[in-house]
Amino acid sequence: MKTVNEDALQKNYITAAYGIRSWLLTRDHKRIALLYLISITLFFFVGGFFAVLMRLELMTPQGDLVSAETYNRLFTMHGIAMIFFFLVPSIPAVLGNFLLPMMLGARDLAFPRLNLLSWYLYMVGGAYTLYAMVTGGIDTGWTFYTPYSTGYSTTNVVPVVVGIFILGFSSILTGLNFIVTTHKMRAPGLTWFRLPLFVWSQYATSVIILLATPVLAITLALLGVERIFQVGIFDPALGGDPILFQHMFWFYSHPAVYIMVLPSMGVVSELVTCFARRRIFGYKFMAAAVMAIAVLGFLVWGHHMFVSGQSVYAGMAFSALSFFVAIPSAVKVFNWTATLHKGRIEFRTPVLYAFGFIGLFTIGGLTGLFLATLAVNVHLTDTYFVVAHFHYIMVGGAVMGYLGGIHYWWPKMTGRMYHEGWAKFSALILFVGFNLTFFPQFILGYLGMPRRYYIYPEEFQVLNVLSTAGASILGLGYIIPMIYLLWSLRKPRTAGPNPWNATGLEWLTPSPPPTHNFDKTPIVTEGPYAYEEKSANGE
Amino acid sequence: MWDFPLLPEAASSTAAEVDALFWLLIGVAAFFGGIITAGLVYFNIRYRKNSKASRAGAVSEHLPLELLWSIVPLVISAGIFGWGAKLYFDMHVPPEHAREVYVVAKQWMWKIQHPQGNREINELHVPVGVPIKLVMTSQDVIHSFFVPAFRVKQDVLPGRYTTTWFEATKPGEYHLFCAEYCGTSHASMKGRVVVMKQEEFERWLAGSRLAEPMTASGDQLFRQFGCVTCHSQTSQERGPSLHGLFGSTVRLADGSTVTADERYIRESILNPGGALVAGYKPLMPTYAQQMSQEQLFQIIEYIKSLGGPQIAGERKNP
């Protein structure tokens, strides 16, 4: 089964060809993954820059740093950059692109050209949106609620919406590519229940992307039609219904939360098993849980609308369904914890991120129960409690998992190891900084501070100052990894094919892998995470 | 500087119950968060790489455990759901004798009308211990009426009426926020709710009255817009009489029935063809362009003053 050939002279996917053309016209999933890595990192720092300005403004109750107009653009563009251009593509487009074919024992994705097209669509959508942001920006909130967005905002609504519309096709094509690849390109012996949970999570995510993103496209198209041609769809002054917009928007945007967090769950399953040297606890439950979340995630959108004026009985149905979706999430957290039982846990950087994910996702999930509870939601919705909750899920969860994955597969992608001491240090300050930033916001929310306020009553100041202090630590926690990861590229490629002694087909190749991944198609004879067997063999 | 609150003031009849449910949720979160944290810490110490703890008998599948940690959260969730849903339902149904106040939201202010004729901007004076029902609409974008101390929030939409209610339990002044982002000065669209003792409130009502009662303004509008020519009590040839209408059940031309509440009357004035009463021709023109939101509320208040259905108990809450 071993196909590793430590031939230092063998060309890898990076050294296989040189020149800008060889990158811009590449069909290699691994090169496309790196293109995405660079592009989404750019958007992450754009979105982060907006966040820094917001947190600075919120240090005082008065509006002394930026005006209302500016602040409204900041939170809108922060949300758009982070959600549509960083979080949604993050793990699928970078780690999924790089690893899915390798985990399946394939040479590439099913449609390599389509994969390259996805990246170009991302870049066109991104460039267009950036252009719209620079030339005036947009102030509708990332939720684009009507009739404000169609009849009242004087900002660049249509250009931004067009950018996101184009971006949506990038998502859809990636999802399609992953689904076909998972169905058709698994190595011999790699049955569905031998798939790593990372593959399951990518698969579930792709299904959501494929089914939900077209609805976003339709919604944004209708929004554009109403804004440009004054056709009454959502604006009651033109005979439309603003609640219809909310239904359509959340029909995509709630499942989008799972597009962002399911891939991280897949990463965490890989990390916990590797560094505990244990098979995953309850494999089939874990696989079933991601699929259950993907399905149930489509049935809970109305919990964003408990005070919107939708019927009381609709509210009750959506509340009940929202509690249901908590169960598979709870199952996952319990199973990760149980995987540690009787393991041999080694505290390397990636697993620290995984533990960070479990802790923060648990808080994010449990506070989700507060919001699913109807009468409590009435008080909490549209306050900082919601802001804190979704940052725990999407930053504490999704971004922690993404960074854990980057640290775990970095030696595979680049052939280099980073400085372990700095990496552990930054994982720690990320965790501390994150909690200091967002935990005070739960209290602010319960006290009643509404979100999207750039000025606020004085009694909220202390908690806001704490949050801003935390954000400065958090920002450092994102900049330090940038530095030591880039620094590691100066070192020789000495990571070796399998620095973590991990299972999984991707670790059978040299690091970095050759363009065709495998010299010989691997044959799979066992399930994933056979760490106990590895230990028994003295490896 | 360090004198800052960690809990909001609780000043309405439902606030205490919402808080109780909130604390139950904190307990549940602490319980599950505690289990996970304890598990992570304990396993990480006991099974660290170089520890001598026995690894014999490790299992990776355990059906009873999986069922346990699926079913226990499900049962707890069901309980929390039930309590939350019941309270949510109560928060939607105002008591029969609630005092009504009309709210028009616009970018970026709250315009309040009391039936007695008092008008306020960004302030709402209410008596303590009396249920207040708010009938609200927006004249531009979506806003949201939020009083943290009452645990009350309800979106205010253009083109329709939404309602909510509360009963203040403590005299004082409380924040009123707009909670739904509504454009440039969203953060400035705030005001205060002033809760007064009953006598003080009556004094305020009498002292700050600048306009005639809403029924009188409505009566005047009813004649000014010519409503009276068709909807008189004597001749019911062209339109039905509005006496005894409010709260009654109306049979429509398409055979369906509808309760004549604020929403129905608003709809009938702005879009008369949409809810044609059985036995009448669609003669009435729309008044959508002529009437302001405030005037609509005044006409509704006037129609209410014409009395409700005779049969007690038939009136339904919207």
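Some points to look at:
- Some residue of segment A:271-279 being hydrophobic (A, V, I, L, M, F, W, C), without any contact (Cβ under 8 Å) to a residue 40 or more places away in the chain and in contact with a Phe, Trp or Tyr (Cβ under 7 Å, 6 or more places away or on another chain): no
- The combined condition, being at the interface with chain A (Cβ under 9 Å from one of its Cβ atoms) and either surrounded by 15 or more Cβ atoms within 10 Å (Cβ to Cβ) or acidic (Asp, Glu) (or both), is not fulfilled by B:ALA98.
- Looking across segment A:226-242, the residues that are more than 10 Å from chain B (Cβ to nearest Cβ) and of a type outside the set (A, V, I, L, M, F, W, C) come down to A:GLU226, A:ARG227, A:GLN230, A:GLY232.
- Per-region count, segment A:509-526, residues surrounded by 17 or more Cβ atoms within 10 Å (Cβ to Cβ) and not aliphatic (A, V, I, L, M): 10
- Breaking point among (1) more than 8 Å from chain A (Cβ to nearest Cβ); (2) without any contact (Cβ under 8 Å) to a residue 24 or more places away in the chain, for B:ALA15: (2)
- Selection of segment B:35-53 for residues being more than 8 Å from chain A (Cβ to nearest Cβ) and of a type in the set (Ser, Thr, Tyr) yields B:TYR42, B:SER51.
- Residues being at the interface with chain B (Cβ under 9 Å from one of its Cβ atoms), of a type in the set (Ser, Thr, Tyr) and in a helix (DSSP H, G or I) are entirely absent from segment A:259-267.
- If the condition is being more than 7 Å from every other protein chain (Cβ to nearest Cβ), touching a residue at least 60 places away in the same chain (Cβ under 8 Å) and either closer than 25 Å to A:ARG348 by Cβ or assigned to a loop (DSSP other than H, G, I, E, B) (or both), then segment B:1-12 contributes B:GLU9, B:ALA10, B:ALA11.
- Condition check for A:LEU56: part of a helix (DSSP H, G or I) and more than 20 Å from A:THR135 (Cα to Cα): yes
- Of note, A:ALA338 does not satisfy the criterion of being in a helix (DSSP H, G or I), under 30 Å from A:SER535 (Cβ atoms) and more than 8 Å from chain B (Cβ to nearest Cβ).
- The lone criterion from (1) modelled with pLDDT of 90 or more; (2) farther than 19 Å from B:THR137 by Cα left unmet by B:GLN298 is number (2).
Here is a yes/no grid of residues against (1) in contact (Cβ under 8 Å) with a residue 40 or more places away in the chain; (2) assigned to a strand (DSSP E or B); (3) in contact with a Phe, Trp or Tyr (Cβ under 9 Å, 6 or more places away or on another chain):
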site	(1), (2), (3)
B:TYR88	no, no, yes
B:MET91	yes, no, yes
B:GLU96	yes, no, no
B:TYR102	yes, yes, yes
B:ALA105	yes, yes, yes
B:ILE112	no, yes, yes
B:PRO115	yes, no, yes
B:LEU124	yes, yes, yes
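- Unmet criterion (only one of (1) within 9 Å of chain A (Cβ to nearest Cβ); (2) more than 13 Å from the chain's Cα centre (by Cα)) for B:SER144: (2)
- All of (1) crowded, with 20+ Cβ neighbours inside 10 Å; (2) hydrophobic (A, V, I, L, M, F, W, C); (3) under 21 Å from A:HIS78 (Cβ atoms) hold for A:LEU99 with one exception: (3).
- Residue in segment A:482-491 that is free of Cβ contacts under 8 Å to residues at least 24 places away in the same chain, touching a Lys or Arg at 6+ places or on another chain (Cβ under 9 Å) and not acidic (Asp, Glu) present: yes
- Condition broken by A:TYR313, with the remaining ones in (1) over 28 Å from A:HIS379 (Cα atoms); (2) out of contact with any Gly (no Cβ under 9 Å at 6 or more places or on another chain) satisfied: (1)
- Of note, B:VAL135 does not satisfy the criterion of being part of a loop (DSSP other than H, G, I, E, B), touching a residue at least 12 places away in the same chain (Cβ under 8 Å), surrounded by 22 or more Cβ atoms within 10 Å (Cβ to Cβ) and within 14 Å of chain A (Cβ to nearest Cβ).
- Total residues in segment A:406-453, condition touching a Gly at 6+ places or on another chain (Cβ under 8 Å), crowded, with 22+ Cβ neighbours inside 10 Å, away from chain B (no Cβ under 14 Å) and not hydroxyl-bearing (Ser, Thr, Tyr): 5
- Pairs where the first residue, in segment A:303-329, is more than 10 Å from every other protein chain (Cβ to nearest Cβ) and the second is polar (S, T, N, Q) and surrounded by 23 or more Cβ atoms within 10 Å (Cβ to Cβ), C-beta under 6 Å, 6+ apart: A:HIS303/A:SER322
- The lone exception for B:LEU25 - which of (1) facing chain A (nearest Cβ under 7 Å); (2) on the phi > 0 side of the Ramachandran plot; (3) not acidic (Asp, Glu) it fails: (2)
- Qualifying residue in segment A:332-346 (condition: of a type in the set (Ser, Thr, Tyr) and at pLDDT below 95): no
- Some residue of segment A:391-401 being free of Cβ contacts under 8 Å to residues at least 40 places away in the same chain, within 14 Å of chain B (Cβ to nearest Cβ) and in a helix (DSSP H, G or I): no
- Here B:SER51 meets the list (1) modelled with pLDDT of 95 or more; (2) farther than 24 Å from A:PRO457 by Cβ almost entirely, failing just condition (1).
- Where helices (runs of 4 or more DSSP H) sit wholly within segment A:63-147, those with at least 1 residues that are of a type in the set (Gly, Ala, Ser) and over 22 Å from A:LEU222 (Cα atoms) occupy A:68-82, A:112-134.
The values are calculated or read from the model by the stated rules, or taken from the named source; none is laboratory data. What you see is a predicted model, and the numbers here were worked out from it, not measured in a lab. Backbone-built Cβ (ideal geometry, glycine too); neighbour counts: all protein chains shown.
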